[in-house]
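> My questions all concern the structure below.
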Amino acid sequence: MNLQIISDFHEEHHGHDIAPYINKDADIVILAGDISTGTTGVSLALDSAELHPSITHVVVFGNHELYDLDYAEYLALVNMWNDLAPNLHFLENRSISLENGIEIFGGIGWSNLNTPNHKELHERVQDFSAIDYYGKPVTIEDFRHFNNEYWSNAQKWFKTSTGKTKILVSHFPQSTALKHKQYEKNDLDYYFCADRDLEIKEAGEHGVSLMVSGHTHDSFSTSIQGVRQESRQVGYPFESNDALDAVGGLNSMIVI
């Protein structure tokens, strides 16, 4: 089975449809968040799924989709969106079983913000003013709660799953080792990436062979705690695509 990964497409900056970037030889496409803001990403995913009916589309939201949509409203809508097309699956702390024994669990993932410098994060990160939860700006505590919920549900899944191939998807990378390679280590790393290496190790011990993420605008193909980590990120128009090119480009696929 051929898997294509796309994240951080940021249609709101590029103005491009995502459908033309889908590899027609893919069996599964994972859209790992920040495709656009609000429900525009839903429309783009649906357009692609309808144009490529033989390709399974698996979608998780990123933080930017929530800049125009309250997270509580998103939670209320996500299951309805799964009725839009038979080959289109939106995941938020849930899994989907596909052919050939492939199971995919996905969600935004968030970060546990494992740093004592909370004030700096709150002041520097736009999410804390741009994302609402039940009409109020998200907090440090909300982030941690959401990340805990992601892992609690993921653990229930991978401990009971009988799938032959288990894939874990999140918009936020779940190890700080996956931070952007260009920048020196700093407290913002704990916003961009959760600090969940122990949980990644546990996932691997229960058969998770691949994790997919985005968010950092730095593509990668590596391994953390014995679990393969893959990301194909577009980023903003002014950013370099060197890292994306280094892992084969947006049209590349991996065999699962």
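> For residue 235, which of the numbered conditions (1) touching a helix residue (DSSP H, G or I) at 6+ places or on another chain (Cβ under 7 Å); (2) surrounded by fewer than 23 Cβ atoms within 10 Å (Cβ to Cβ) fails to hold?
(1)
> Here's something else I'd like to know. Would you please list the contacts, defined by Cβ atoms under 6 Å and residues six or more apart or on different chains, that run from a residue in region 233-256 that is closer than 16 Å to residue 215 by Cα to a residue that is in a loop (DSSP other than H, G, I, E, B) and small (Gly, Ala, Ser)?
Taking only residues 6 or more apart or on different chains, the pairs are 233/214; 233/219; 243/219; 244/219.
Yes/no matrix, rows are residues, columns are (1) among the basic types (Lys, Arg); (2) without any contact (Cβ under 8 Å) to a residue 12 or more places away in the chain; (3) out of contact with any helix residue (DSSP H, G or I) (no Cβ under 8 Å at 6 or more places or on another chain):
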site	(1), (2), (3)
136	yes, yes, yes
145	no, yes, yes
149	no, no, yes
175	no, no, no
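> Right, here's the next one. I'd like to check which strands (runs of 3 or more DSSP E) are fully inside region 1-105 and have at least 1 residues that are among the charged types (D, E, K, R) and under 18 Å from the mean Cα position of the chain (by Cα).
Where strands (runs of 3 or more DSSP E) fall fully within region 1-105 and carry at least 1 residues being among the charged types (D, E, K, R) and under 18 Å from the mean Cα position of the chain (by Cα), they are 94-97.
> Out of everything in region 43-82 that is out of contact with any helix residue (DSSP H, G or I) (no Cβ under 6 Å at 6 or more places or on another chain) and among the β-branched types (Val, Ile, Thr), what residue ends up being farthest from residue 109 (Cα to Cα)?
55
> Could you grab me the full set of residues in region 158-188 that are part of a strand (DSSP E or B) and more than 13 Å from the chain's Cα centre (by Cα)?
Selection gives 165, 166.
> To continue, here is another question. For region 208-221, check the following and say yes or no: at least one residue is closer than 20 Å to residue 118 by Cβ and at pLDDT 95 or above.
yes
The values are calculated or read from the model by the stated rules, or taken from the named source; none is laboratory data. Owing to the predicted nature of the structure, the values given are computational and were not obtained by experimental measurement. In this analysis, Cβ positions are derived from the backbone assuming ideal geometry, glycine residues included, and neighbour counts consider all displayed protein chains.
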